[in-house]
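The values are calculated or read from the model by the stated rules, or taken from the named source; none is laboratory data. Worth saying up front: this structure is predicted, and the values here are computed from it rather than measured. Cβ coordinates were reconstructed from backbone atoms using ideal geometry, including for glycine residues, and neighbour counts include every protein chain displayed. Side chains included, ligands, DNA and RNA excluded: accessible areas come from the protein's heavy atoms. Shrake-Rupley method; radii C 1.70, N 1.55, O 1.52, S 1.80 Å.
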Amino acid sequence: MKRLLLFFLLITASATAQQAKLNLPKGYSLSTQPNASREGFHLVVKGEGENTRYGYADCEGKIIIKAQYPYAHPFRNGYAIVAEGPMGGDLKGLIDTTGCLVTPIRWHRMGSVIDGRFVVGEENDLGKRNYYFLNTQGEKLFDRTFDYADDFSEGVAVVGVGSWSRPAIPNNVNLPEGFTLNIQNIVAEFKGLYGLIDTLGREIIAPKYFEIKKMHNGLAIAAIEGKYYPKYGYLNRNGETVIPFDYYQAERFNDGLAVVCKVVQGELKYGYIDRTGREAIPIRWDYASAHEFGRLWVGLNEGEAMRYMLLDSQGRELLSQWVYALNPSGRYGHASCAIPDGTGELRYGVISSRGKVIIPFEYDQITLFTEWDNLSQSYIERGIAYRDNLSIPFSLSR
């Protein structure tokens with residue numbers, strides 16, 4: 001048992017112990033939101049419950065924007081979104097680093113400031129929305145209103161033409177005494193077609209696609225109508241089709257590879273293409289993870305279970321045997337998985353993104369997860385290993 005505890009102590013990250021606490025005035029605390037400390041501003045909280053208010057402190061803990069907002073976000077690109085309601089669920093506005101409002105707190109939807117532009121949206125009781133683009137003086141950029149709009153990305157924004165609606169609410173909903181149904185909390189759905197505009201508001205592509213995702217590294221995933229289901233392909237910044245609409249699923253490119261899905265001999269199979277559309281790793285797998293850290297996980301169905309293999313970018317196997325019960329949820333590439341022992345029982349361990357066993361396959365179960373650490377202002381991979389009715393928490397460094 002001593003060897004076991006020592007092993008977990010050696011791999012436990014110590015970043016949080018090295019962080020000094022922010023010297024804030026009495027009654028203030030650092031927000032637990034991810035990236036609460038950014039661009040020299042710390043998002044801070046004062047009060048509790050309905051009296052909770054958010055403000056901002058400098059690097060020394062001095063309050064520079066008083067805690068006055070029921071909800072607020074960290075600064076990004078010199079601006080921060082503030083809101084009237086808890087969890088940002090109500091009207092939103094935008095402030096600069098002096099605390100001055102760039103635009104009043106009146107918008108139901110608000111995107112991030114990207115290159116001096118941001119998208120805002122207003123909504124009526126029926127879920128109908130109108131979207132606009134503003135500059136950092138709060139002025140409308142284009143003499144146009146959109147039914148749907150997303151943030152600019154790489155000089156291009158996705159816009160849509162269509163309608164918003166909320167699901168019908170039955171008239172006979174019986175709620176406990178004292179409760180009411182808030183229809184604003186029922187998510188409205190957009191049904192329409194999508195296109196692209198440039199930073200001057202000019203139409204690159206008229207809305208004609210079933211779906212377009214944000215531009216990423218020069219390519220945007222788009223969908224057209226298929227015989228039974230939408231078919232996916234890729235567009236460039238000019239709106240030109242650079243990879244045909246041949247796939248039932250397509251993900252964005254990471255380090256030159258993207259996961260795609262096609263029907264092969266009557267079954268959906270996954271594989272990887274490069275940026276030219278060439279099939280880099282054959283489309284023959286029942287499971288395929290995103291390409292990250294130069295590695296990728298693939299899986300094949302084996303009866304009621306699925307077995308997994310870790311591959312490099314060229315499709316070469318990195319493990320000496322297949323593994324089961326894969327959980328690749330580690331933010332920095334770690335994955336928990338299992339192999340059968342001599343009796344056929346699964347024993348769990350943890351593998352790095354390079355295929356190295358960093359926690360041996362000796363445990364009854366391992367739970368792996370990533371959470372935000374407020375003191376170090378970073379994400380940390382944590383887990384719990386179980387054996388012989390003992391639970392052992394641990395952390396993993398990068």
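May I ask for the longest run of the chain untouched by GluC sites (Glu not before Pro) that are loop-located per DSSP and have at most 16 neighbouring C-beta atoms (other than their own) within 10 Å? Working shown, then result.
Details: sites that count: E39, E48, E60, E84, E139, E154, E177, E225, E240, E304, E345.
By the stated rule (loop sites, at most 16 other Cβ atoms within 10 Å), 241-303.
Could you do me a favour and compute the accessible area per residue for the chain, 1.4 Å probe, result in Å²? Before the final figure, lay out each step's value.
Numbers: 21680 Å² over 398 residues.
Spelled out: the 1.4 Å probe surface of the chain, per residue, equals 54 Å².
Taking the Cα-to-Cβ direction at L91 and at K26 and moving 7 Å from each Cα, how far apart do the two end points lie in nm?
3.6
Full-extension gain between E84 and S112, please, as 0.36 nm times their residue separation minus the C-alpha to C-alpha distance.
On the way: separation 28, 0.36 × 28 = 10.08 nm, distance 1.75 nm.
So the chain would gain 8.3 nm between E84 and S112.
Here is the link list: K26/K66; K262/K356; K128/K191; K62/K92. Which ones come out longer than 22 Å on Cα distance? Intermediate results must be reported in sequence, preceding the final value.
Details: K26/K66 13 Å; K262/K356 32 Å; K128/K191 11 Å; K62/K92 25 Å.
Too far apart for the 22 Å limit: K262/K356; K62/K92.
Percent relative contact order of region 249-324, based on C-alpha pairs within less than 8 angstrom and at least six residues apart?
Values: 157 pairs, mean separation 14.8, N = 76.
Normalised by residue count, the contact order of region 249-324 is 19 percent.
When the accessible area of region 197-240 is split by element with a 1.4 Å probe, what percent falls to carbon and sulfur? Spell out each step's value before the answer.
Values: 1130 of 2430 Å².
Percent of accessible area from carbon and sulfur atoms in region 197-240: 46.
Please identify, among C337, C59, C261, the residue showing maximal mean-square fluctuation in a Gaussian network model of the chain using a 10 angstrom Cα cutoff.
In the Gaussian network model the winner is C59.
With the crude spin-label approximation of a point 7 Å out along Cα→Cβ, what separation in nm comes out for K191 versus N124?
Result: 1.8 nm between the two label points.
In the neighborhood of G78, defined by Cβ-to-Cβ distances under 10 Å, what is the net charge if each Lys or Arg adds +1 and each Asp or Glu adds -1? Write down the numbers at each step before the final one.
Details: positive: R76; negative: E39, D96.
Counting the neighbours of G78, the net charge comes to -1.
May I ask you to derive the FRET efficiency for S320 and I384 from their Cβ-Cβ distance with R0 = 35 Å, giving the value to the nearest 0.05? Kindly include the intermediate steps, with their values, before the conclusion.
On the way: r = 26 Å, r/R0 = 0.76.
FRET efficiency, S320 to I384: 0.85.
Taking all protein chains in place and a 1.4 Å probe, what share, in percent, of the accessible surface of region 34-91 do carbon and sulfur account for?
46
Quick check: pseudo-label points 7 Å beyond the Cα along Cα→Cβ at S376 and T199, how many nm apart are they?
The answer from the label model is 3.7 nm.
Could you look at region 333-398 and say what percent of its accessible area is carbon and sulfur, using a 1.4 Å probe and all protein chains?
C and S atoms contribute 48 percent here.
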